[in-house]
Each structure stands twice: as structure tokens, then as C-alpha cells.
1. Could you check segment B:157-203 and list, in sequence order, the residues that are in contact with a Leu (Cβ under 9 Å, 6 or more places away or on another chain) and within 14 Å of chain A (Cβ to nearest Cβ)?
2. If you go through segment A:653-693, how many residues are closer than 24 Å to A:Arg519 by Cβ, touching a strand residue (DSSP E or B) at 6+ places or on another chain (Cβ under 6 Å) and among the aromatic types (Phe, Trp, Tyr)?
3. Can you name the helices (runs of 4 or more DSSP H) wholly within segment A:180-290 that have at least 3 residues being surrounded by fewer than 18 Cβ atoms within 10 Å (Cβ to Cβ) and over 45 Å from the mean Cα position of the chain (by Cα)?
4. Quick check: anything in segment A:883-896 assigned to a strand (DSSP E or B) and among the β-branched types (Val, Ile, Thr)?
5. Which one of the conditions (1) assigned to a helix (DSSP H, G or I); (2) within 14 Å of chain A (Cβ to nearest Cβ) does B:Gly87 fail to meet, given that it meets all the rest?
6. Just checking, does segment A:83-90 include any residue being under 39 Å from the mean Cα position of the chain (by Cα), assigned by TED's automatic domain parsing to the domain that holds A:Pro51 and not aliphatic (A, V, I, L, M)?
7. If I go through segment B:16-43 residue by residue, how many of them are β-branched (Val, Ile, Thr), within 8 Å of chain A (Cβ to nearest Cβ) and under 15 Å from A:Gly69 (Cβ atoms)?
8. On the basis of being modelled with pLDDT of 90 or more, in contact with a helix residue (DSSP H, G or I) (Cβ under 7 Å, 6 or more places away or on another chain) and hydrophobic (A, V, I, L, M, F, W, C), does A:Val756 make the cut?
Amino acid sequence: MALAFLCWGAPEVCGQVPDQLLGREVRETRLRSGGQAVQDAQLEGLVEIRPGQPFAMDAVRETIVHLMGMGRYIDVQVSAFAEGDRVRVDIDLVPLPEGRRVAFTGDLGLPERTLRAAVEERFGASPAGNRAPDIARAVKERLADDGYLRASVDARPNEPAAPGADTVLHVTSGPRAVVGTVSYRADDPAVARDIQSRVPLRSGAYFNRVELRRRLDNAAERYRSQRYYEARADYTVEESERGESVDLTISFVRGPRVTVSVKDKALTPSQLAEFVPAEREGSIDEDLLEDSEARIEDYLRAQGYRDADASYERLAKGDRLEIDFTVKQGALYRVADIRFEGTGAVGASDLAPLMSLAKGQPFVQSRLDADTRAVLAAYRQRGYADASARPAIEPVPGARTAGEAPVVVVMRIEEGPQTIVSAVEVTGTRSLTEADLTAGLATRVDGPLYEPDVQADRDRMLVTYLNLGYRAAQIDASVTVSADRRSARVRFAIQEGPKVYVDHVLVVGNNRVSEATIRRELLLKPGEPLGLQAIEDSQRRLAALGVFRRVTLSELQHEADDRRDILVTVEEAPATTLGWGGGVEFQEVENIEVAPRGFFEIGRRNLWGRNRSINFFSRVSLRRRTFTELDQTAQPVDVTTTNVEYRVIGSYREPRFAGTAADLQVAIGFEQGSRTSFSYRSESARVNLSQRYREHWNLQGQYSIERNDIFDDRINPLDRPLIYRLFEQVRIGSVSLTGVRSTRDDLFNPKRGTIVGLNGELALRPIGSEVGFAKTFLQGFVYRQLPSSPRVVFAAGARLGLGAGFPREVPRITPDGEPILGPDGTQLTSTVQDLPASERYFAGGDTTIRGFQLDHVGEPDTFDRDGTPIGGRAELVLNGEVRMELWKDLGVVGFLDAGNVYSSVSNLSLGRVRAGAGFGLRYNSPVGPFRVDFGFKLGTLRTYGPNREDRFALHISIGQAF
Amino acid sequence: MLTAWAAAPVRGAQVVDRVVAIVSGTVILLSDARAELELGLLDPGAARDPIEAAMQRLIDRRLVLDEAGRGDRVDVDPAALGQALDGMRQRFASDAEYRRALAGLGLDERGLQRLVRDTLTARQYVERRFDSVLPPTEEELREYYASHAARFVRNGRQLTFDDALADLTAILQRERREQAESAWMDRLRRRADIREVYQSRPK
């Protein structure tokens, strides 16, 4: 009746749907907000009330739930009215207010911003209205901190003085208390005077309890730092009748000055400070001292002193207190032998490697406890669920001395029966076959029964169901063991529950990134099952775009159990990044050179609503250099030049280029720099398309063009080949194709897996190259951990490079660089068919053949007459290495390398290789393996030009050799 | 909250449904509140605004269900569920009227089952949680008896403490349980994020 009366009085409130509307055809549905029509494709897609369909309340409810799921609205009101024999529907969207307001009214006492800051610190900027009582209490406490001891704070809803606020706090601050009389009490008059000077309180000043507490704590801390560890400060307050003033009594107890010591120097000063942290804790209470006793005993017992005992004594001497520790080590217990008794199916040779205790080592009870657990775990994993292991310590007769007590560790084992799984049963599955579910299970028929495996298998099957969309799936795993405990039946009872599908996918929070870009990364599509893995992968893919600060995927429950909306909420990262800076470089060459430099970079992402990015980097420096050269009269003169060095790089990146799965990168660079004997200018451009296939494959195609020029040439002729190799003075334009398959488990320090790569490069004049050539490079590496010893890794690799230059005409010049002219005055040319120096193959050094220094492996015709390597057109490198972890991050390696560089492909021969062997040290630093390799050459040493090879080579670098 | 009234419907139009409250992200609709009243899940009694009363009830139920979801699963006895659904059907004169009522609320059979199951789940969870409220001590019983002696009169005769003990214990246990429940609900409400969008009509 009450509802009917309410509906008669205000139908817009009660929402009762007149019967004449239900079932009628919907003529039109309009979205509105603030009286204005809303046209938004995503919102319209969420409306279930569709023109042409019968008007139904379930569609109304679904529509409201969908729209509210956007998180933008506080209310969605659906109104309907008859238009002839049809129904028009209006959907009014009421936006969320901007944050929830807390309003203050009344006599605040303190500035409003102070009270608001106190509220925000505890409850956030938009606290929920139902926290009003807690908020009021917090404000009251804040007022009391500043002396408003009689303040009252009421939380009032719907306050006319503060429309639109969720929480209205009416404050009556009352009087602000001032300090009346102050008295100081301490266990020493001098201390009382000291406290009075450190914590001065002026009568008539406002009382602030927070400030008072802080000063008292500082004063006590100061005394504690002087070893008065029991120093304490406190105060009591007596308020006047109306709270207008307070009389304070400051109490300070200094306590005695404490000295902590240990008899007979049984501990070093740093050990004493660590085990008895009286100074650090500022306390010498009984709990701390008893804990210190235990810490000392634990430390000594961990060293093998099983009978270690620590005790302390308090000695009060006037105003001093001495805490004296007495430590008795006792004999050092050492493991003389380890025996296993009662083993049967599992032998001592299987159990011994599990023991951390070893012969000759100190005996530590905690390690024996851990070893016992390891032995039991080994039995349980083999199906011996009832196995027991009882360790015993037996002294070696007649071997004990005052300082040492050898013991024998005896592990007494009762194996019990081994339980074998006789059957694995799966019931209740409808959507998956039993074979699908049981494939890959650790629990198998005729295998040992191990309860953790059964639970892990249960979890694995449950994840399978969750990934298929069965979000309410439940699996009960039960084990029935036979009476003789030798066999067991394992049963997995499955309740699949409903399969949940994605209904709508809603995207909110994006401003610059287009919705299409976001939806492309989502693996959740309307109508498809809502799998757990799909949610995680979708979140990961969105985060990998690199354009969002935060990505959240949440599920919105529907009326129906089997459908959910997915709400994707993103927070975009700033689209534009700016960086700039400057510095000064100091370098000593012939003199001290000072080079000021500055850099600027700007980047922009989310270009045109998609995940495209563009970056620009520039750096400029001025280098003033003075060098000596000979003038026309062959006299040395100092010449000073000022060189401008710059580097400018522009790059563009577009993932999923042209709708494909490939990533496009374009980079252009200009650089000018100076070295001690020359200056150079370099220009380059590169276009790269790369794509991942499945999990392990990566394909990449690239076009690049590059040109270098050298000027201000003062190069030593001996250095010329190396410099021309680094700064090739021809324009090279080439296309290349690379395919790599990698299953390595780690990029920098792999222990498992393989990597195989093939690269082909072609440089031709029509694509901008001044020289033509073709190159190919094939490499493969394999990494395997030894099954019996996971700390040992075997690594092997092979590399093969082949190249050929296309014929070209090269001007003939004299050694002085002058052109050679023919009888007709034209410049003579020679036909050259060689790879440019920068494209030739080199071997030798820390990443190829380590018995040799950098680039110094090759047939004799790959060296010039001065013994400088000039490279070849073919190379072969073979590597084998054994890597062993020694202790924590330290390791050692032993290696054998072989290979050669050949002047032509036809010269390549396995019969003509150079070899080197050696060993090295490894340290796994946070930035990668740091290594030192010492190699030596196998076979006969050679002489190149004036240089005879050294037998040995030392290499220091970061990263593995291969 | 006054903005909820800002979107005035077109003349002649009826607001057929809207949001009345949001509890930790879950939306409670006006049709949910009507369902409570029309299906007999809540007797508004002398409540000035039955919709407000139903909304508060739904808020509490949502909080309880969220709390129940954090712990062990609460299974509703299928027989109890069937009995509750039958009782609901019997409120209507005919099957046609019953179906019309469901359609007016936007419910189908599955939706109704879900609604009833949630109601029973919440009730069961609360009962289980406060099943083992500490029994009152003898001192507490005697004190209650002394201050409420008039309640323990049968057929004009004042019952002795021992005669009234069973009733006393039941009364105190119930009151204690209600107090514990009420305090617990207060804590749930304080902890949760609740927005009451529906504004009760002014007095």
C-alpha cells in the first residue's frame, strides 16, 4: 500500500512500469546528459533498449549496468513514455561530481586548508561519505594538537551552507589553550635545568602538544646518544575549567650511563655492537638483553660451538650501569663422518648429495635439521609418504679434546612402503577430454604418489579451465590409499560451472591514444570466452605499448552469470618528453683540452592517436686543440684549432606498420667529430622492418646508407688501415635480411637453449652504393646445463662468414696521393674486386678466438707488410667452453677456440685453422658477467711483418664471449 | 546529490529505472528495491519511505555478500531455495500475474533464483558468523532478570529466576547477537565505499 501511495504521488520516484509500456515496440532511444543529446558510438553500443524491439525491463536494467560500468556517471535514469502504440525511451546520464567534497562550517579555529590537509593525509582527496564519523574524529584530534582541547566536530549531511558536499563538518573550536605554569622534574637538578633550556615553555604561549612531544623526544634522544639508554621524557597536563589554559609538569628520567662489555674479548667490538644493539635501540631492557644472549649463542652454534653459552650481569655503580657479558664457547664440534642406516630402495649415494653437512666441517644443528628435511623430501617425492629420518650425533670415542669434539652424524631411516599410483581418475569434465586434462600431469599411473604433485596437478587443471572461461570451476583432488599403503587411487572431481563470455569491452581514460589502437592489443573480444590468460596477456600487451602510465582491466558483473563486461581503464603517459643538459669534458692529449658541450632532445609519442613515436636528439661541443707540426722551414710550431663537434639523430618508430605485425624504424644521423690525428664527418640513414613470429623467431629487413669523410688528416701511416676501416670513405648503401631463432633462457648469461641466425647483405650502385658487394653470415650457438650438476654449463658455437666484392674501377694514385695519368692525359684506373675495409671479416680477440689479440687471426695474405690485419673475404670461428659456478656470483671457464680468416672464399679450409685455449674468471655483476680470459695459442707461432706473435693474450670485458 | 534530480524527464514520461546506490562499485537499481518490496523479501512496515528502506536493506546485503565472498563458500540448500521460490509464487493469484510481475521488475526465472539465492546466502553467512556468540554469564542473567522482572510473568504469576532461566538465556543471547551483528554491520559500512544516490522525499 505504501508503495502504491508513493507511486501515485510521485511516479518518477518509484519507477513502477505501467503495464501499457511493457512489450510495446521501441520507437526511439535517446541518450542525454545535462539536457543535451549525446552522440558517442561506444555509449550507444552499450544500450540494450533497441528501436524495433519490444520494450522490456531486463533490457533497461542491462543498459543501466553497462553505462554505469564506464565509471563516468553517478546515475543513469531511464524514462519511457508512450507515443501512439510505441514507446520512446530517454536515457539521462548524470556525470560523477568532480571528487567528493568535504566542507567545513562553523568556527574552525585553524585555517581551513590546515584541516583539509589533515583530512586528505588520512583519508585521501575524495573520502567516502560513510567515513564522516572517522573524519570528524581526525579533525578534532588535529585541533587538539594545536591547543583546541575543547573542540567539537559534528558530521552533518545535506548542510544547506555547503551544497554539493558529501561530508559537512561543523566545527566549534572553542578556546585555544595557552601555557599556564610549567614545572620541570628530573632525577638530577642539573638535568632538570638542562631540560628546561632545551624545552623552554613560555607562560602565555599557545599550547601545542605535537611540538612539545617532539622537543621532549629530541631531548631524550640526545641523552640516549650519550649512553643514557634509559632516558625518558613525559609530561602531564592539567586543564583549567574552561580549557583556556594548561599547567604542565615535565618529567625527565635520565637513568644511569650504560657500558656494555664482554669478558675476555670473546667478541670483537663490532660483533658486540651487532649482537647487543643497546646503542642502536636506545634501550637496555630485559627483553633486549635476553635476545642478545640468544643471538650470541646462535652465532657461535652456527660456527660449530654446540655448547656455546652466553649470559650477562648488571652491575650498578653509582650513576653508572655496567652490562657485562660472559661468553663460553665450549668445544668446536666437527663432523668426522656421516652414515646412513636403514636405507633400502633409496641408497646412501642418492642421499649423500642432499646433505649440506660434510666431513671435516663444523657441526651445526640447524644444518642437520635442514638436511633431515631434505632427506625426508627425497623419500616423499619417491612415494615413501611414511618414511621417517631420525638423526643422531655420536661422539668419536677417545677423540675429544678441550678444543675439539669430533662427532659422527648418523641418519637412521625407516623407509616404509612405497605408494604407487594405481589409477588417475577425472570426473565431471564435459568441455575437455580426460586426455587433454591429464596430459603433462606430474601424477601418473605406476608413478610414485607425492601429495604436492597431486595439488600442483589440480592447480594446473584449474588454470586450464580458468583460461577457457570457466571462472567458477572447482576441482577437488582426493587420494585413496590401499590398506597396505602400497597403492593409491587419485581422483580429480571437476565442477566446471558456467562458461563466462565477454559481453562488451569498454575503454575509458584515453585522450590521445585512439580506441582502435587499444582494442587491437586486447585479446578479449565480445562473444569470446573470458579466459584468465587472455586478461593477463591483454594487460601486458597494452603496457608494452609504452604510452600508458597505468593500465587496469576489470570485470563488471552482469545480471547473468555467464556474461561480463570488461572495463579497460588507461592513464596515458605524457606524450612529449624533453631533455637538455650541458657539461664540460677534460682530456689530456698533448695539452689539457677543455670541451664544453650541450645536448637537447625531444620526443613525441602517440602520434595521430596510434603508438607512433618520433625523437630528435642533438649534441654540440667545442673542442679547442693545440698540436705541434712542422712549418715550411721544418721548424716545430704550435697550431691551435677550434673544432665544432656535433651529433644529430632523428628517429621514427611505428609498431604494426601498415596494418601488419611488423615494426618500422627509420633513423637519420649526422655526426662530426675530431680525434687526435684526424677529424671526420659521417652521414647515415636506415630503414628497418622487424617482426616476431611465434615465440622464438625474429625476421628483420633493412636498408641502410652511410658515408664518411676524413679531413684534417695527420694520421700515422701505421694507423691508417685501422682508421680507414672504421671510417670507410666510400658511400655504402645496402639491403640486408636477417633471420634469428632463439630459445636462450637469458640474453646476457644463457644456461639453456640455442640461437641460430642467418644474415645476407647486398650493396649495389642502383641503391646508392659506390661499391658493390654481397655478404652472408651464418652463426649458431648451443647452451646446455649438465643434468648431474646444474652449476656446470657447456656452450658451443660456430660462425661462418662469406663475402665477395663486385668489380669496380678505382683511380690509380701515387703513394703521395697524386693521380696517375695516361699518355692521353686521362687518369688511369684499375679494376678492383674487393670488399671495402669496413665490410671485411676479422677474427681474434675476446669474443672470437681468445688465444689471439684483437683481429690478429688470419692467413698471411690477410695482413699487410707491417703486420697490421687488413681482413678477409671469408671467416670461420669455432668455440667450445665449459662454464662452472664456483661460489655465489663467481665462476670459472675453460675454453677451446679455433678458426681463421681467408683472403677469398675459395681458400676456406678446415685444414687451415689457428687454435687457442685457455681459462677465465667470471663475476656476475648487476650489469652482466664481468670476465677475465687468459688464452694461449696452440701450434706454431708466426711472424707478420716485423712482429712475432706472443704466445699469450689477456682479455678483460663485460658479457660472455658468446 | 541534488544533481540526481537535475535530469527531469519529458512531460508524460516515467522514470522506469535508475540508480539508487553504489556499493564498492556494485550498482543497486530502483528495480532491485521494488523487487524487495513486491516479492515480499522485505516488509517495509511503518517505514516512511519503503524505497529508502529497501535500499538500505540492499546495501547491507551487498556488504554481507562481499564479506562472504572473502571467506569459505556458503552453499545454499537447494530445498531451502526451492521452498523460498515457491513461497514467492504463492503471493500471486495466478502464474500469469507472477510472470507479469517478474517482467515488470526485469527478472526472469534465473534472475529470480539468483536474487533469492543471494538473500539466503547473506542470511546464512550472518547466522553462521554469529552462531557462537558467547553465552551470558549467570551474573548477567541475574542482572537482566532483576531489571526486567515484569517480562517474566506467566498467568499472573512472577516466574522465579530458575523458571525463567531458559527464556532469559534465549533473550540475552538474541540481544547479544543482535548487538554484535549491528556493530559488525556498522564496521562494514564504515569500511566500504557507499554512495546513496537516491534521496528520500523531504518530510
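1. B:Met185, B:Leu188, B:Arg189, B:Arg191, B:Ala192, B:Ile194, B:Tyr198, B:Gln199, B:Arg201
2. Number of matching residues: 1.
3. Answer list for segment A:180-290: A:189-198.
4. So the first thing to find is which residues in segment A:883-896 are assigned to a strand (DSSP E or B), and the list is A:883-887, A:890-896.
Applying the additional criterion that residues be among the β-branched types (Val, Ile, Thr) yields A:892-893.
There is at least one residue in segment A:883-896 that is assigned to a strand (DSSP E or B) and among the β-branched types (Val, Ile, Thr).
5. Only one criterion in (1) assigned to a helix (DSSP H, G or I); (2) within 14 Å of chain A (Cβ to nearest Cβ) is unmet by B:Gly87, namely (2).
6. Start the filter on segment A:83-90 by keeping residues that are under 39 Å from the mean Cα position of the chain (by Cα), which leaves none.
So far as segment A:83-90 goes, no, none of its residues is under 39 Å from the mean Cα position of the chain (by Cα), assigned by TED's automatic domain parsing to the domain that holds A:Pro51 and not aliphatic (A, V, I, L, M).
7. First, the residues of segment B:16-43 that are β-branched (Val, Ile, Thr): B:16, B:19-20, B:22-23, B:26-28.
From the residues that got through so far, the ones that are within 8 Å of chain A (Cβ to nearest Cβ) too are B:16, B:19, B:22, B:26-27.
Of the ones still in play, those that are also under 15 Å from A:Gly69 (Cβ atoms) are B:19, B:22, B:26-27.
Residues in segment B:16-43 being β-branched (Val, Ile, Thr), within 8 Å of chain A (Cβ to nearest Cβ) and under 15 Å from A:Gly69 (Cβ atoms): 4 in total.
8. Values: modelled with pLDDT of 90 or more: yes; in contact with a helix residue (DSSP H, G or I) (Cβ under 7 Å, 6 or more places away or on another chain): no; hydrophobic (A, V, I, L, M, F, W, C): yes.
So A:Val756 fails the test.
The values are calculated or read from the model by the stated rules, or taken from the named source; none is laboratory data. Because the structure is predicted, anything quoted here is derived from the model rather than measured. Don't worry about glycine lacking a Cβ; one is built from the backbone with ideal geometry, like all the others, and counts go over all protein chains shown.
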